[in-house]
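Reviewing the structure listed below.
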Amino acid sequence: MILDIIRKKACNLELTREELETIFNGYLHDEVKDYQMSAFLMAICINDMSDSEIFALTDIFIKSGDVLDLSFMPSKVIDKHSTGGVGDKTTLIVAPIVASLGVAVVKMSGRGLGYTGGTIDKLESIPNFKVDLSEDVIKKQALDIGVVVTSQSEDLVPLDKKVYALRDVTATTNSIPLIASSIMSKKIASGADGIVIDIKVGSGALIKTRKEAERLANIIIKIGNYYQKEVRTIISDMNTPLGKCIGNKLEVFEAIDVLQNKVKGPLYDTCLEIASKMVSMGKNISEKEALKEVVSSIENKDAYKKFLQFVKYQGGDLEKLEINAKVYNIKANKSGVLKNIDALEIAKLSKSLGAGRTSKEEEIDYNAGVVLTKEIGDKISEGDILANLYTNIDKLDFNVERIFEIS
Ligand code: URA
């Protein structure tokens, strides 16, 4: 039976819901082996899935675990998700902005795997910040202050966790139907009324082309409609890192600078776009009106005050947040104009400094990371400092020309 299902997908024939249930639920309960699921996932990568297969798969994922019920909340709850990128600290900025405007944000986030830390690693770099919250604590905090960011519950979508771990080691991460059902099952199980998905495209992202990003956006919206959830998407660039700081504590400091209205540029703009969509959905107003509210929440410091309240509520101690690392510089080895800062190369560099992990067992050094000191388009003279490197590792190994394109 299992072999028939694998063969059917390998022959590019559409599977029924029952067939998908047999193989995926069998995998959850260890009746289907890793090698069988690997072959099946590869067949999906090669032959794709129809919309009805994607809806069925998302539903099977959701039903593999619990669903968080947030219907007791007096306001709409809006969630956000980014498909991941280098220097992406948007949750730290956007969640307090949106909550400061009376729209609740309850978000489950992951740890980073593959070069840079995830949102949970960034928050955990704040001394004493608690990231593992029980359902009761999540609900109380949502009611009390309207913003919660917690690590992904083990009880929500356990099937995705198991399948994702296998995808990671079998070169099957890049399938659009698998990405869509993985993301959307977790978002729907997390109980929000509306969801904004930021799809990153470029060298530092899972999705490499605009065409793939558009297909993913399309499927994600269809899945949202199927569950009567409002979903809006953004497609944003990840060829260069988002913002100047890459590395856990460094990114918290940069998020604070944005919330204190000290930083403009692509990071600020992306946060405004995500926050406006969330507020627009939460308050049933236009994105234009929402944008005005978002900008004033930064200007009048309401968003920053909400951030302080949120960090304190989850036990974090910002007074103790400091970087303990040696600082080195990367200098330009020629003059010209800075044409590109490669996101993937920066991610590899920051991992080599200690800021990321490539296996779950690896420890992250929260102090480590990169601060970019020049922007694309800047004129550069030989010897100019292009970046500061923070690390507790003695032997540095990088190639300036791979990271910084100057011509
Ligand atoms: N993020 C997810 O949660 N799942 C994917 O498959 C890709 C990105």
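Can you pull out every residue in the range 172-231 that is in a loop (DSSP other than H, G, I, E, B), of a type in the set (V, I, T) and within 12 Å of the ligand (Cβ to nearest atom)? Outline the logic, then answer.
Keep residues of the range 172-231 that are in a loop (DSSP other than H, G, I, E, B), which gives 172-175, 190-193, 202-206, 208-209, 227-229.
Right, trim to of a type in the set (V, I, T) and you get 172-173, 209.
If the condition is that a residue be in a loop (DSSP other than H, G, I, E, B), of a type in the set (V, I, T) and within 12 Å of the ligand (Cβ to nearest atom), then T172, T173 are the ones that fit.
Checking the condition basic (K, R), within 27 Å of the chain's Cα centre (by Cα) and modelled with pLDDT of 95 or more, which residue from K374, K379 passes?
Details: K379 fails: within 27 Å of the chain's Cα centre (by Cα).
Result: K374 is the single residue among K374, K379 that is basic (K, R), within 27 Å of the chain's Cα centre (by Cα) and modelled with pLDDT of 95 or more.
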(message) Among the residues that make up the range 266-284, is at least one of them open to solvent by 40 Å² or more (accessible area, probe 1.4 Å), modelled with pLDDT of 95 or more and over 30 Å from D342 (Cα atoms)?
(response) yes
(message) Pairs please, first residue from the range 115-129 and more than 17 Å from K351 (Cα to Cα), second anywhere and open to solvent by 30 Å² or more (accessible area, probe 1.4 Å) and among the aliphatic types (A, V, I, L, M), Cβ atoms under 6 Å, 6+ apart in sequence or on different chains.
(response) none
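Being among the polar types (S, T, N, Q) and either more than 16 Å from the ligand (Cβ to nearest atom) or at pLDDT below 95 (or both) narrows it down to one of S109, S38, so name that one.
Working: S38 fails: either more than 16 Å from the ligand (Cβ to nearest atom) or at pLDDT below 95 (or both).
Answer to the check: S109.
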(message) Against the conditions (1) within 29 Å of the chain's Cα centre (by Cα); (2) open to solvent by 10 Å² or more (accessible area, probe 1.4 Å); (3) closer than 16 Å to Y164 by Cα; (4) of a type in the set (S, T, N, Q), where does T58 fall short? Just the number, please.
(response) (2)
(request) Output the qualifying pairs, or none if there are none: Cβ atoms under 8 angstrom, residues six or more apart or on different chains, first residue in the range 196-211 and polar (S, T, N, Q), second residue assigned to a loop (DSSP other than H, G, I, E, B). (result) S203/M238; S203/N239; S203/D342
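Is it the case, given these coordinates, that I207 is among the hydrophobic types (A, V, I, L, M, F, W, C), closer than 20 Å to Y27 by Cα and touching a strand residue (DSSP E or B) at 6+ places or on another chain (Cβ under 8 Å)?
On the way: among the hydrophobic types (A, V, I, L, M, F, W, C): yes; closer than 20 Å to Y27 by Cα: no; touching a strand residue (DSSP E or B) at 6+ places or on another chain (Cβ under 8 Å): yes.
Considered against the rule, which asks whether it is among the hydrophobic types (A, V, I, L, M, F, W, C), closer than 20 Å to Y27 by Cα and touching a strand residue (DSSP E or B) at 6+ places or on another chain (Cβ under 8 Å), I207 comes out as no.
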(request) Considering each of N239, N248 in turn, give the residue that is in contact (Cβ under 8 Å) with a residue 40 or more places away in the chain, touching a Lys or Arg at 6+ places or on another chain (Cβ under 7 Å), of a type in the set (S, T, N, Q) and buried (at least 18 other Cβ atoms within 10 Å of the Cβ). (result) N248
(request) Would you mention how many residues in the range 141-166 are open to solvent by less than 10 Å² (accessible area, probe 1.4 Å), within 16 Å of the ligand (Cβ to nearest atom) and not in a helix (DSSP H, G or I)? (result) 3
(request) Go through the range 177-191 and count every residue that is surrounded by fewer than 24 Cβ atoms within 10 Å (Cβ to Cβ) and β-branched (V, I, T). (result) 2
(message) For the range 192-206, give me the residue count where each residue is open to solvent by less than 10 Å² (accessible area, probe 1.4 Å) and either under 29 Å from L70 (Cβ atoms) or touching a His at 6+ places or on another chain (Cβ under 6 Å) (or both).
(response) 8
(request) Enumerate the helices (runs of 4 or more DSSP H) found wholly within the range 1-89, keeping only those where 1 or more residues are under 22 Å from I221 (Cβ atoms) and either in contact with a helix residue (DSSP H, G or I) (Cβ under 9 Å, 6 or more places away or on another chain) or among the polar types (S, T, N, Q) (or both). (result) 17-28, 34-47, 51-63
(message) Among (1) open to solvent by 10 Å² or more (accessible area, probe 1.4 Å); (2) among the hydrophobic types (A, V, I, L, M, F, W, C); (3) within 16 Å of the ligand (Cβ to nearest atom), there is one condition I120 misses while meeting the rest; what is its number?
(response) (1)
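The values are calculated or read from the model by the stated rules, or taken from the named source; none is laboratory data. Fair warning: this is a prediction, and the values are worked out from it, not measured in the lab. Note that each Cβ is placed from the backbone with ideal geometry, even for glycine, and that neighbours are counted across all protein chains shown. For accessibility, only protein heavy atoms count, side chains too; no ligands or nucleic acids. Shrake-Rupley method; radii C 1.70, N 1.55, O 1.52, S 1.80 Å.
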